[in-house]
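Got a structure for you, written out below as C-alpha cells; questions coming shortly.
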Amino acid sequence: MMYQKLKSCVASVREKVSFQPEVALILGSGLGDFADGIEIADTIEYTQIEGFPVSTVKGHKGRFVFGYVGKTPVVVMQGRVHYYEGYQMQDVVLPTRLMGMLGAKKILLTNAAGGVNETYQPGDFMMITDHITTGVPSPLIGPNIEELGTRFPDMSEVYSLRLQEVIRECAAKCGISLKEGVYVQFTGPNYETPAEVRLARSWGGDAVGMSTACEAMAARHMGMEVCGISCITNLAAGLSKQELNHKEVQETADRVAKSFKELVAELVVRM
Ligand code: HPA
C-alpha cells in the first residue's frame, strides 16, 4: 500500500529530523547547489530512508536539506527521481508527497528543459503557467490515497495564479526577463525527435522535459500550492542543427546558476 509506504518514510525521516518545513523545493539538473547556500539545519540522505527511490543520474545528488532561506523554513530535494530511471510514477512522486506530509504547504519545482517556443534562447527562465502530461502516465493512477486527496482532482489551476504573480515580481526585482509558458513532460531518457517537438508545439507547449508535471499533479492532489520555473538549457530537437546532449544541458544550467539562485532565494521568502 502506497500510503503505508509513505507513512513509514515519514516515520523514518522523523526519527532523525524534527524540522518543520513550510516550503518545499525541488532542484533540477545543474541547479542542485542552491541547497549548499542556505542556512542548513539538518540533512538526510535518501539512502537513509527505507523504501525511498534513489536517483541514479550523474550530477544528481540524493538528499533532503532542511534549513532556512531568510526566515522561511524549507525542505529542499537535492536531486529528484525520474520516471525514466525505471520507477513507477507513484514512486517518482513519493518524495513530493513526503515533503507535503512533513508539513510543506507550498512547493517550488525547478528543472532544465528544452525550448520549444521559437522565441526562447538557451539560458532563459520560463515560469510554468500550465503543463501537458499526455506523454506520461498519471502519478494518481492506482488506488486513490483518500488521506491525501480526492479520486478525481481538479487541475484547472495547477500552478497557482497567486504564486505566478509573485514570480513575476521577483524576476523583475532580480532584473531577469522571464518567459512564461506551458511545460510538456515526456518520459525520456532520450531527447525528443524533431517531430515530437513539433507535436509539443502544436499542442501549445513552450518547453519539453522529463520531470516536474507529475510532481505538480501529486502536490495539487494533496492540496499544496504549486509553482514552477524551467531553465531553458537548449533549443529542443529540430530547432537547431546541434545534437542534444546532457553536457550542453549542464553547461547552460551552470552558466545561469547564479541568477537562478538569486531568483529562487527571492521567491522562497515571498511564497
Ligand atoms: N528535452 C527534454 N528534456 C530536457 C531537454 C530537452 O531538450 N533539455 C533539458 N531537459
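For the stretch 1-43, with the dipole built from +1 on Lys and Arg beta-carbon atoms and -1 on Asp and Glu ones, taken about the Cα centre, which of 17, 28, 6 lies farthest toward the positive end?
The residue sitting most towards the positive pole is 6.
Same structure, new question: Taking other Cβ within 10 Å of each residue's Cβ, how do 36, 130, 206 sort, fewest first?
Lowest to highest Cβ neighbour count: 36, 130, 206.
Write down Rg/Rh for the stretch 85-151, rounded to two decimals, with Rg from the C-alpha atoms and Rh from the Kirkwood relation over Cα pairs.
1.02
How far apart, in nm, are the 7 Å Cα→Cβ label points at residue 202 and residue 178?
Modelled inter-label distance: 3.2 nm.
Counting C-alpha atoms alone, how compact is the stretch 137-271: give Rg to one decimal and Dmax as a whole number, in angstrom.
16.5, 49
Assuming 1.002 mPa s and 20 °C, estimate D for the chain with Stokes-Einstein, Rh taken as the Kirkwood radius over Cα pairs, in µm²/s.
For the chosen part, D equals 116 µm²/s.
Which ³J(HN,Hα) values, rounded to whole Hz and listed in residue order, are derived for the stretch 183-189 from phi using the Karplus coefficients 6.51, -1.76 and 1.60 in 6.51 cos²θ - 1.76 cosθ + 1.60 with θ = phi - 60°, glycine and proline given as x?
Rounded to whole hertz, the list is 9, 10, 9, 10, 6, x, x.
Considering only DSSP beta bridges with both partners in the chain, what is the antiparallel share in %, to the nearest 5? If you can, show how the numbers build up before the last one.
On the way: 18 of 48 bridges.
Counting DSSP beta bridges with both partners in the chain, the antiparallel share is about 40 percent.
Further question on the same structure: Would you calculate the convex hull of the Cα atoms in the stretch 1-138 and tell me its volume per residue in Å³?
Dividing the Cα hull volume of the stretch 1-138 by its residue count gives 129 Å³.
Let me ask you something else. Which residues among the stretch 104-123 fall inside the zone where the amide N is under 20 Å from a point 7 Å beyond the Cα of residue 87, along Cα→Cβ?
Only 104-113 pass the distance filter.
Can you give the % of DSSP beta bridges in the stretch 1-101 that are antiparallel, to the nearest 5?
DSSP beta bridges in the stretch 1-101 are roughly 70 percent antiparallel.
Can I ask one more? Taking 0.36 nm per intervening residue step and subtracting the Cα-Cα distance, what contour gain separates residue 15 from residue 146 on full extension? Spell out each step's value before the answer.
Numbers: separation 131, 0.36 × 131 = 47.16 nm, distance 2.52 nm.
44.6 nm is the gain from fully extending residue 15 to residue 146.
Shifting gears a bit: Fewest Cβ neighbours within 10 Å first, please rank 105, 241 accordingly.
The order, fewest Cβ neighbours first, is 241, 105.
Treating the beta-carbon of each Lys and Arg as +1 and of each Asp and Glu as -1, no other charges, what is the dipole magnitude of the chain about its Cα centre, to the nearest 20 debye?
220
Given the C-alpha centroids of the stretch 71-138 and the stretch 195-256, what is the distance between them in whole angstrom?
That distance is 10 Å.
Right, here's the next one. By how many nm would the segment from residue 36 to residue 259 grow when fully extended, if each residue of separation counts as 0.36 nm and the alpha-carbon distance is taken off?
Gain in length upon complete extension: 78.7 nm.
If you rank 45, 39 by fewest surrounding Cβ atoms within 10 Å, what's the result?
Taking fewest neighbouring Cβ atoms as first place, the list is 39, 45.
Another question, if that's okay. Cα-Cα over 24 Å: which of 5/71; 173/261; 71/261; 71/105?
5/71
Kindly write out, for the stretch 125-135 in residue order, the coupling ³J(HN,Hα) from the Karplus curve 6.51 cos²θ - 1.76 cosθ + 1.60 (θ = phi - 60°), rounded to whole Hz, with x marking Gly and Pro.
Listing the rounded values in order: 9, 10, 6, 7, 9, 5, 9, 10, 10, 4, x Hz.
A short reminder: the numbers here are calculations on the coordinates, not readings from a lab. All of these numbers come straight from a predicted model, not from anything done at the bench. Virtual Cβ from ideal backbone geometry, glycine too; neighbours counted across all protein chains shown.
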